[in-house]
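Down below is the structure, laid out as structure tokens.
The values are calculated or read from the model by the stated rules, or taken from the named source; none is laboratory data. From a predicted model like this one, the values you see are computed outputs, not experimental measurements. Neighbour counts run over all protein chains shown; Cβ positions are idealised from the backbone, glycine included.
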There are 2 protein chains.
Amino acid sequence: MDIYMQAALAEARKGLEEGGIPIGSVLVIDGEIVGRGHNRRVQQGSAILHAEMDCLENAGRLSAADYRRATLYSTLSPCDMCSGAALLYRIPRIVAGENRTFQGPESYLRSRGVELAVLDDAECMALMQDFIAAYPALWNEDIGV
Amino acid sequence: MDIYMQAALAEARKGLEEGGIPIGSVLVIDGEIVGRGHNRRVQQGSAILHAEMDCLENAGRLSAADYRRATLYSTLSPCDMCSGAALLYRIPRIVAGENRTFQGPESYLRSRGVELAVLDDAECMALMQDFIAAYPALWNEDIGV
């Protein structure tokens, strides 16, 4: 696992420690992490702060040129909302820790020109599997089920 | 214009008064407005609070059953991010004030089963046209250009 996915995983663990859903994300531009975030549904009573959205918000208002050089890392395959945010800003690359727990609109992302890599990482997966077993209703709420 | 689009337009005007981008949104369930919002890029330095996102956030954590009966109103055709949020929560109906200023992924939304109506409303359009003429860079930032 590279240092960026490690940073995303650290965010996911931070979320878990806070009593939240353990999904983390970082935004990387020119090799530097410019934003970090994790799911804040529980912590902030938020319907929109998935990890990737929190990360993009924490990265702040960036220029179109910055987004065009960015890579969005997430411990989990981005959902429709987070994929849509990447499309809005034309972020060209997404790296997902795994997509067995949940799979977003991956083929649509690719059809729109996004380069998407899925690491199939065991640590990312274990974190979610343990969480979902303990809090199935919370997880379902997070994915609109 | 129905009372819901009027409420969305009132949100857009509120945003303009605050020095923000004049796009407004409301979420309606069973005839009742359960959330209102407007674009807060300027006001909160936000990269994610488009009107529809702000509206969904202000509506709070709703059940899947609630979202399934909802209609999302926006003064402007929803972008990739906001369309994605509607898809995440399987909101079945979207009403947009206009789509001449900007057109989101409308055919994709329809292909995913969303019923989308576009009102082609002159007031919604005038509000955006005047704003874009005055602040073209801010508008471009908002749509990732």
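What the table below lists for this structure:
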read-out: Check on residue B:117, modelled with pLDDT of 95 or more, assigned to a helix (DSSP H, G or I) and at negative phi; value: no
read-out: Selection within segment A:43-55 - touching a Leu at 6+ places or on another chain (Cβ under 9 Å) and either within 9 Å of chain B (Cβ to nearest Cβ) or more than 15 Å from residue A:139 (Cβ to Cβ) (or both); value: A:43, A:47, A:48, A:50, A:52, A:55
read-out: Residues of segment B:130-145 satisfying the condition of being of a type in the set (Phe, Trp, Tyr) and under 18 Å from the mean Cα position of the chain (by Cα); value: B:131, B:139
read-out: Positions within segment A:90-145 being of a type in the set (Ser, Thr, Tyr) and farther than 24 Å from residue A:47 by Cβ, in sequence order; value: A:107, A:111
read-out: Spans of strands (runs of 3 or more DSSP E) in segment A:3-104 with at least 2 residues touching a residue at least 40 places away in the same chain (Cβ under 8 Å); value: A:24-29, A:70-74
read-out: Members of segment A:68-90 found to be within 12 Å of chain B (Cβ to nearest Cβ), over 13 Å from residue A:26 (Cα atoms) and in contact with a helix residue (DSSP H, G or I) (Cβ under 9 Å, 6 or more places away or on another chain), listed by number; value: A:79, A:80, A:81, A:83, A:84, A:85, A:87, A:88, A:89, A:90
read-out: Segment B:10-50: number of residues that are under 19 Å from residue A:61 (Cα atoms) and hydroxyl-bearing (Ser, Thr, Tyr); value: 1
read-out: Pairs, first touching a residue at least 60 places away in the same chain (Cβ under 8 Å) in segment B:109-138, second of a type in the set (Phe, Trp, Tyr), C-beta under 9 Å, six or more apart; value: B:128/B:102; B:128/B:139; B:131/B:139; B:138/B:131
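Each row is one residue, and each column tells you yes or no for (1) surrounded by fewer than 24 Cβ atoms within 10 Å (Cβ to Cβ); (2) over 18 Å from residue B:89 (Cβ atoms); (3) of a type outside the set (Ser, Thr, Tyr).
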site	(1), (2), (3)
A:3	yes, yes, yes
A:29	yes, yes, yes
A:51	no, no, yes
A:65	yes, yes, yes
A:71	yes, yes, no
A:79	no, no, yes
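Condition check ((1) closer than 17 Å to residue A:7 by Cα; (2) over 15 Å from the mean Cα position of the chain (by Cα); (3) of a type in the set (S, T, N, Q)) across all residues:
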| site | (1), (2), (3) |
| --- | --- |
| A:105 | no, no, no |
| A:108 | no, yes, no |
| A:124 | yes, no, no |
| A:128 | yes, no, no |
